[in-house]
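Notes to accompany the following structure.
The values are calculated or read from the model by the stated rules, or taken from the named source; none is laboratory data. Model, not experiment: these values are computed from the prediction. Positions of Cβ are backbone-derived with ideal geometry, glycine not excepted, and every protein chain shown enters the neighbour counts. Protein only, heavy atoms only, side chains kept; ligands, DNA and RNA dropped before computing areas. Shrake-Rupley method; radii C 1.70, N 1.55, O 1.52, S 1.80 Å.
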Amino acid sequence: MPPRVSAALTETLSTLSSTWPVDRLRPKLQFGALIETINERVASGQLRRAELERAEASANALKRLVQNDAMETYPVTDKTLKPKSAPMHYVRVMDAIDGKPDSRSWWDRFMGRQA
């Protein structure tokens, strides 16, 4: 006899799939779509008890990720975000993801100089 599917689990997975942030680096491969696929399998009732328990644990972990629980428990310091060796590194990474041009000359980039 298959285990009873929790309506709360399917609701949680549905909410997670729609609120999961879009991956700008891989627009054709979205994690929210995977969560939705898992939700469809859960809702179909084809999962064994162990798989259903794993899905519930995974949904709880994903919910904590979306809510930034780890950032509240373990805040990231400015020392981590702006290391002395390359204080603008993470700013440049985000600028590159956003498509902003690098203002440094090619020589400065080649030599690894900070702007």
Practice task
Compare 84, 63, 79 by solvent-accessible area with a 1.4 Å probe and give them largest first, with all protein chains kept in place.
Solution key: 84, 79, 63
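Equivalent ellipsoid semi-axes for the stretch 47-115, as square roots of 5 times the alpha carbon gyration tensor eigenvalues: give them largest first, rounded to whole Å.
With the √(5λ) rule applied to the stretch 47-115, the semi-axes are 40, 16, 10 Å.
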Exercise for the section: Arrange the peptides 85-98, 7-20, 37-50 so that the one whose residues have, on average, the most other Cβ atoms within 10 Å appears first. Expected result: 7-20, 37-50, 85-98
Handout entry: Residue-count net charge about residue 86 - beta-carbon cut-off 15 Å; Lys, Arg +1, Asp, Glu -1
Key = +3
Exercise for the section: Grab the chain and count how many Lys pairs have their alpha-carbon atoms under 28 Å apart, sequence gap of 8 or more, or different chains. Expected result: 6
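Take the Cα gyration tensor of the chain, multiply each eigenvalue by 5, square-root it, and list the three semi-axes largest first, rounded to whole angstrom. Display every interim value, and only then the final one.
Details: eigenvalues 348, 57, 20 Å².
Calculated on Cα positions only, the semi-axes equal 42, 17, 10 Å.
Rounded to the nearest 0.05, what FRET efficiency do residue 56 and residue 25 have when you use their Cβ-Cβ distance and R0 = 35 Å?
Details: r = 29 Å, r/R0 = 0.84.
Plugging the Cβ-Cβ distance into 1/(1 + (r/R0)^6) gives 0.75.
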